[in-house]
Amino acid sequence: MANLYEPSGKQRIQSIDIVRGVIMLIMALDHSRDFFHRAGFGSDATDMATTTPILFFTRWITHYCAPNFVFLSGISAYLAGTRRTKSELSGFLIKRGAWLILAEVVLLSFAFTANPLYNVIILQVLWAIGFSMIVLGLLVKLPLKVIAIIGVIIFFGHDMLDYITMPKEGTAARILDNLFFTAEGSIIVLGKNRFIFDLYAVIPWTGVMLVGYAFGSIFAASYDPERRKKILRYTGIAALCLFIVLRLINKYGDPNPWAVQRNGTYTFLSFLNVSKYPPSLLYLFMTIGPALIILSYTENIKNKVTDIFTVYGNVPFFYYILHFYLLRTLDIIIFFASGFTTGQIVSKNSPSLFEPKGFGFNLGGVYLVWLFVIITLYWPCKWFSKYKKTHNQWWLSYL
């Protein structure tokens, strides 16, 4: 999501923009479901006891978004460093990370809850990317191999925490553990009727950012393209093979082992149902592996379809903010059009306003909303993409 290797249009890598554009569009499906699926915000679409195959895959396909946002942000950070000194890159990443965290707290929390009093602050992917950038900014003066080693240790080793007894609920140590390592919808109470809802444990995501930064070196202009494609392809295949093998062993790499279900279809779904909060090793293998393979095959592809994906991939932050506010606007319009009243704006069962019990559509309606959102945003994104390529103001680096 963090489009760092531009402005001024000097260095755009088509395959990165294509993959980023695809996952941006998929991401909007998950948020459309959050806002408009009748099951309501917070319902678990991957619960084997209540889900259906179509509901499961509607959620599952969107798993590919967050890890690849963070991974591609790491690559972009490396490319940004090819035209900056280490000190300049460090300062830029720290400021950019702080800006993303501020945007998460101020812009995204309001878009998601529609609560101007900010009783609930929601920490999601911008929080994770922002924190990871700050950490990378502090480490960027180290040798690339050192940064890669730190990233790999976190990437492969953070699941060892599954075997460690964590601090008790309510303690300061537990709050820090939630923020940094184990958040899964963790609630941090700030006062009466005011709390933080944390979905993203930042240290595992920082590992993804650091590994992405190390991968950025193979996207340097001087790197042999054929060698780069082979590295991406074989690494992606290896990640998928490790996912299958470790998932079959069912001992390490994910805190929720798969199990035989009521029929073969649901057993297969259980096999795929790996943990995003925090991102388990198997979750990262399953999601980043295919993206690496796609990157290897899209480097020299250019047609009308890839041009469309590139429009969204060129302006990820702009699109991300805009799609949330479009969804929220539609939510309010449909709320009143459905016959709900002002007395139903606040719901005891939801941290968001305008989402009473019974509000929303079935999955078919959710998909229609999703298509409307991504089609509507094509033209604003195309305009802003062109603007960024033809202008060089400093603030464009932060959008």
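The values are calculated or read from the model by the stated rules, or taken from the named source; none is laboratory data. Small disclaimer: the values here were computed from a predicted structure and weren't measured. For neighbour counting, all protein chains shown are included, and Cβ atoms are generated from backbone atoms with ideal geometry for every residue, glycine included.
The table that follows gives values for the structure above.
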{"quantity": "Qualifying residue in the stretch 85-99 (condition: outside any helix (DSSP H, G or I) and closer than 30 Å to Ser222 by Cβ)", "calculated": "yes"}
{"quantity": "Residue list for the stretch 381-395, restricted to those being in a helix (DSSP H, G or I) and either under 17 Å from Asp17 (Cα atoms) or touching a Ser or Thr at 6+ places or on another chain (Cβ under 8 Å) (or both)", "calculated": "Cys381, Lys382, Trp383, Phe384, Ser385, Lys386, Tyr387, Lys388, Lys389"}
{"quantity": "Sole residue being surrounded by 13 or more Cβ atoms within 10 Å (Cβ to Cβ), of a type in the set (Phe, Trp, Tyr), assigned to a helix (DSSP H, G or I) and in contact (Cβ under 8 Å) with a residue 40 or more places away in the chain, chosen from Tyr283, Tyr234", "calculated": "Tyr283"}
{"quantity": "Residue within the stretch 194-216 that is part of a strand (DSSP E or B), surrounded by fewer than 15 Cβ atoms within 10 Å (Cβ to Cβ) and not hydroxyl-bearing (Ser, Thr, Tyr) present", "calculated": "yes"}
{"quantity": "Positions within the stretch 293-337 being touching a residue at least 24 places away in the same chain (Cβ under 8 Å), assigned to a helix (DSSP H, G or I) and either among the charged types (D, E, K, R) or in contact with a strand residue (DSSP E or B) (Cβ under 6 Å, 6 or more places away or on another chain) (or both), in sequence order", "calculated": "Arg328, Asp331"}
{"quantity": "Filter result for Ser132 (small (Gly, Ala, Ser) and over 19 Å from Glu184 (Cα atoms))", "calculated": "no"}
{"quantity": "Subset of the stretch 249-279 (residues that are charged (D, E, K, R) and closer than 28 Å to Gly207 by Cβ)", "calculated": "Lys251, Asp254, Lys276"}
{"quantity": "Filter result for the condition that a residue is of a type in the set (D, E, K, R), in contact with a helix residue (DSSP H, G or I) (Cβ under 8 Å, 6 or more places away or on another chain) and more than 29 Å from Thr113 (Cβ to Cβ), over Lys382, Lys386", "calculated": "Lys382"}
{"quantity": "Enumeration of residues in the stretch 355-367 that are farther than 16 Å from Phe324 by Cα and assigned to a helix (DSSP H, G or I)", "calculated": "Leu363, Gly364, Gly365"}
{"quantity": "Hits in the stretch 100-140 (condition: exposed (fewer than 15 other Cβ atoms within 10 Å of the Cβ) and either part of a helix (DSSP H, G or I) or at pLDDT 95 or above (or both))", "calculated": "Leu102, Val106, Leu138"}
{"quantity": "Qualifying positions in the stretch 143-166 - outside any helix (DSSP H, G or I) and surrounded by 13 or more Cβ atoms within 10 Å (Cβ to Cβ)", "calculated": "Met166"}
{"quantity": "Test: residue in the stretch 320-331 that is within 30 Å of Ser347 (Cα to Cα) and either modelled with pLDDT under 95 or of a type in the set (D, E, K, R) (or both)", "calculated": "yes"}
{"quantity": "Boolean, Gly264 is surrounded by 15 or more Cβ atoms within 10 Å (Cβ to Cβ) and either basic (Lys, Arg) or farther than 30 Å from Leu117 by Cα (or both)", "calculated": "no"}
{"quantity": "Matching residues, the stretch 295-314, being aliphatic (A, V, I, L, M), farther than 16 Å from Glu226 by Cβ and surrounded by fewer than 19 Cβ atoms within 10 Å (Cβ to Cβ)", "calculated": "Val305, Ile308"}
